[in-house]
Amino acid sequence: MKSFLRDRPLIPLTILLIALIVALELLRPGIVNERWIANTIKFAIPLAMLAACQTLTMLTGGIDLSVGIIATISAFVMATQVTTHDPAVAIAISLVPAMMIGLANGIGVGLFGVHPLIMTLGMSLIGTGCLQVYQRTVIATGSAIPDFLAWLGTGRSYGLPNSLVLFVPLAALIILGLRRTGFGRLLYALGDNHHAARLSGVLAWQVIIALYVLSGFLAGIAGLVYVGLIKAPSLSLAVPLLLPSVAAAVIGGTSIFGGRGGYAGTIVGALILTVLTTLLTILQMPEGFRRMLFGLIILAVTAAYVRITEER
Amino acid sequence: MSRLLRRHGWVMALFVLLGFLLVLTRVIQPDYGAAGFGSLARAALPFAFAAAAQTVVVIVGGVDLSIASMMALTSVTAARLMDGASEEFAILVVPLVLLIGLVLGAINGALVVITRVPDIVVTLAMLFVWEGAALLVLNAPGGAAAEWLKALLVGTVAIPFIPTMITDWIPKALVLLIVCLGVVWIPLQRSRLGLSVYAVGSDSLAAFRSGVDVNRTKIVAYAVAGLFASMGGLVLTMSTGIGAPIPGPYLLASVAAVVLGGVTLGGGVGGLVGPIIAVFILRLVRTDLTFLAIDPNVTTIVEGTIMVIVVMLGGLVMMRSRSP
């Protein structure tokens with residue numbers, strides 16, 4: 001039984017997700033309908049995209065704590081640039097700082113051997129400062145959300161949220177990329193045994209730099225989707241998503257020490273967190289109790305996970 | 001001499017940097033003197049306690065993301081208990097709040113040991129828990145602090161037979177910091193327990209095989225961190241006169257100070273002096289940039305850049321020393 005669960009970590013996670021939805025339906029009969037499902041997916045997608053950054057970096061034993069501010073920067077830059085530029089140009093401009101921060105992270109971690117936690121934390125400090133300085137230069141321009149992003153972020157077609165158009169191919173690309181491509185296998189190899197991977201000829205620094213640039217890029221895209229959903233760019237738009245994105249990846253079974261995990265689990269993890277937030281809101285407890293329960297449930301799920309998947 | 005340099009080189013370099021910055025401040029702002037130093041010490045106080053708390057946990061090989069939340073929780077608890085109570089009652093509140101901090105930290109440590117989940121994930125979850133608890137104690141900034149506690153932070157220490165010219169440079173806040181940290185840290189570091197904290201941090205398997213109780217050591221280290229965090233929380237209440245349930249910017253600042261202070265992430269190396277000096281350096285940089293009338297937002301960029309450059313240089317030095 002235990003080994004069965006260990007080989008298929010998605011099964012207990014999906015059971016947990018279904019249990020949460022059942023609990024929700026029991027507490028408030030009729031809430032689980034088409035509209036609610038679409039809404040849940042809509043809010044889970046930006047979180048899942050940020051959690052993708054955490055999953056990919058965690059596979060190599062790293063972490064990316066700058067994704068919250070990267071997503072915020074790209075959303076804010078896009079919203080202010082779109083008033084003077086074409087939407088496509090504004091989106092392209094907004095992804096430049098995202099990838100620059102990712103590049104700096106990659107150089108620090110890959111070339112200088114800085115601990116990823118510290119490197120990405122430092123870059124998020126720098127990013128926060130730069131965003132505030134940038135904000136003062138565009139204070140008069142105002143902001144706008146292009147129709148395309150609003151359609152992508154909030155719209156629904158045939159009852160399903162439009163953001164799936166972007167997310168499904170992206171998720172498929174990540175899942176397949178991790179399983180089938182050389183780059184994906186290199187990430188697992190580096191996380192499993194950094195030294196062995198280097199000795200077998202992996203140019204670790206190149207992989208790490210590419211990885212963190214990719215992570216920055218994904219975070220930037222997530223920010224654009226998220227601002228299409230929230231429709232109000234601010235200086236701390238996606239920052240509150242940072243810690244839940246780490247939690248989603250961890251709940252999804254990706255080991256923070258590297259070498260184990262995958263993106264499918266992370267997606268379920270993001271869904272679990274979104275449903276959990278709804279559940280706690282519906283219980284109408286004081287805000288304090290909700291946060292406490294949120295933390296305790298993250299801890300309980302990961303602890304159970306460690307017990308199930310533990311080697312030995 | 002060379003041994004002394006090798007062991008304390010980093011801390012000495014930090015002292016030199018701090019001295020250099022003080023001189024620079026004097027050049028930028030000729031009025032800068034004892035009063036300025038006093039307000040620097042007061043501003044640095046909560047950051048210093050946060051950094052001290054983080055240091056202990058990092059030395060034992062972990063990392064504590066819940067420090068700012070623990071500070072918020074202990075701060076609101078103190079403010080709520082002292083609200084409307086007599087001045088004498090506050091004498092009871094202080095040890096109670098410190099005890100609460102110790103227990104919060106011990107819970108963090110025990111959960112790390114029991115669940116076997118990585119430290120960073122456990123303390124990430126506990127960040128939400130303590131923050132939620134703080135909101136339950138007080139859901140909006142409020143409460144009060146006893147007058148004598150507030151007075152502890154303001155002004156300078158008067159020592160008989162020493163001219164005020166010198167004592168002017170000894171703000172009460174600085175004395176409070178040194179006494180509070182020293183009373184806990186110096187006996188701990190000299191004891192067997194302190195040695196095992198370093199041993200577990202540098203190699204927990206080796207420590208286990210030499211008979212160190214790894215689990216107990218970890219719990220103690222986290223409990224001490226909780227104690228320091230509660231001191232930070234008390235200081236917050238003392239300096240503002242109220243308690244605020246939303247955690248301040250102390251988590252990022254504590255990690256920055258620890259790294260700058262020469263404590264390596266991964267554990268086993270470093271002490272408490274480095275991070276405290278680092279806190280003062282970071283605060284002073286902020287003051288200097290304000291004096292230079294630079295946009296305060298640029299200050300955040302400068303702080304981040306200092307942190308990144310320092311760790312990059314540190315990484316480079318490490319790589320050089322590793323390769324023959």
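Bear in mind that the values in this text are calculations on the coordinates, not laboratory data. Quick caveat: nothing in here was measured; it's all calculated off a predicted structure. Don't worry about glycine lacking a Cβ; one is built from the backbone with ideal geometry, like all the others, and counts go over all protein chains shown.
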Legend entry - Cα-projected label distance for B:Trp169 with A:Ser234, points at 7 Å along beta-carbon direction, nm: 4.6
Legend entry - Cα Rg, Dmax (largest Cα-Cα span) when computed across the stretch A:212-307, Å: 14.7, 42
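If you place +1 on the Cβ of every Lys and Arg and -1 on the Cβ of every Asp and Glu, how big does the dipole about the Cα centre of the stretch A:117-226 come out, in debye to the nearest 20?
Details: 6 positive and 2 negative charges, 39 e Å.
In total the dipole reaches around 180 debye.
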Inset, instruction - Could you tell me what % of all Cα pairs in the stretch B:79-176 have separations over 23 Å? - result: 51
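Order by neighbour count: A:Lys231, B:Lys172, B:Lys218, fewest other Cβ atoms within 10 Å first, most last.
On the way: A:Lys231 13, B:Lys172 18, B:Lys218 25.
Placing the least packed residue first, the sequence is A:Lys231, B:Lys172, B:Lys218.
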Inset, instruction - Determine which aspartates and glutamates satisfy two conditions relative to A:Lys42: a Cα distance under 15 Å, and not lying fewer than 8 residues away in the same chain. - result: A:Glu34
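Please list the helices of chain B that count as membrane-span-like by this rule: a mean Kyte-Doolittle hydropathy of at least 0.0 together with Cα atoms stretching 30 Å or more along the helix axis, each helix being a complete DSSP H run.
Working: long enough: B:2-28 (36 Å, 1.36); B:34-59 (34 Å, 1.51); B:89-115 (39 Å, 2.63); B:214-240 (39 Å, 1.05); B:296-322 (40 Å, 1.19).
Those that pass (Cα extent of 30 Å or more, hydropathy at least 0.0) are B:2-28, B:34-59, B:89-115, B:214-240, B:296-322.
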Inset, instruction - Of all alpha-carbon pairs in the stretch B:253-311, indicate the percentage at a distance above 18 angstrom. - result: 34
Legend entry - GNM result for chain B, Cα springs below 10 Å: residue of B:Ala52, B:Ala35, B:Ala173 fluctuating most strongly: B:Ala35
Inset, instruction - Compare the Cα positions of B:Gly105, B:Ala256, B:Ala13 along the charge dipole of chain B (+1 at Cβ of Lys, Arg; -1 at Cβ of Asp, Glu; about the Cα centre) and return the one farthest towards the positive end. - result: B:Ala13
Legend entry - Shielding by partners - mean other protein chain Cβ count within 10 Å, residues of A:281-293: 4
Legend entry - Exposure proxy ranking, count of Cβ atoms within 10 Å, fewest first, for A:Trp151, B:Trp130: A:Trp151, B:Trp130
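Within chain B, which is the longest segment that contains none of the GluC sites (Glu not before Pro) sitting in a DSSP loop with at most 13 other Cβ atoms within 10 Å? Before the final figure, lay out each step's value.
Values: sites that count: B:Glu87, B:Glu88.
With a cap of 13 other Cβ atoms within 10 Å, the longest stretch comes to B:89-324.
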Legend entry - Geometric extent, Cα atoms of chain A - Rg, Dmax (angstrom): 19.5, 63
Inset, instruction - Could you line up A:Ile272, A:Ile256, A:Ile93, B:Ile162 from fewest to most neighbouring Cβ atoms inside 10 Å? - result: B:Ile162, A:Ile93, A:Ile256, A:Ile272
Inset, instruction - Using label points projected 7 Å from each Cα along Cα→Cβ, tell me how many nm separate A:Ala300 and B:Thr305, to one decimal. - result: 4.8
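Can you name the helices of chain A, as whole DSSP H runs, whose Cα span along the helix axis is 18 Å or more and whose Kyte-Doolittle mean is not below 1.0?
Values: long enough: A:10-27 (26 Å, 2.80); A:34-59 (35 Å, 0.90); A:67-81 (21 Å, 1.73); A:87-106 (29 Å, 1.70); A:116-137 (31 Å, 0.74); A:164-180 (23 Å, 2.09); A:204-230 (38 Å, 2.01); A:263-282 (29 Å, 1.94); A:287-309 (33 Å, 1.12).
Span-like helices here: A:10-27, A:67-81, A:87-106, A:164-180, A:204-230, A:263-282, A:287-309.
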Legend entry - Hypothetical label at A:Leu166: residues of the stretch A:43-67 whose amide nitrogen lies under 17 Å (7 Å Cα-Cβ projection): A:43-54, A:67
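Taking only the alpha-carbon atoms of the stretch B:1-123, what semi-axes of the equivalent ellipsoid follow from 5 times the gyration tensor eigenvalues under a square root, in whole Å, largest first? Could the numbers behind the result be given before it?
Working: eigenvalues 219, 140, 29 Å².
So the equivalent ellipsoid measures 33, 26, 12 Å along its semi-axes.
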Inset, instruction - Distance between Cα centroids, the stretch A:233-303 to the stretch B:231-254: provide it in whole Å. - result: 26
Legend entry - Cα-based Kirkwood hydrodynamic radius, the protein assembly as shown, one decimal, Å: 25.8
Legend entry - Within the protein assembly as shown: Cβ-based charge dipole about Cα centre, in debye rounded to nearest 20 (Lys, Arg +1; Asp, Glu -1): 1380
Inset, instruction - Answer with one residue from B:Val94, A:Leu170, A:Thr281: the one whose Cα lies farthest towards the positive end of the charge dipole of the protein assembly as shown, charges on Cβ with Lys, Arg +1 and Asp, Glu -1. - result: A:Leu170
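Given the Cα atoms of the stretch A:142-257, and with Rh set as the inverse mean 1/r over their pairs in the Kirkwood sense, what is Rg to Rh to two decimals?
Numbers: Rg = 17.4 Å, Rh = 16.6 Å.
Value, to two decimals: 1.05.
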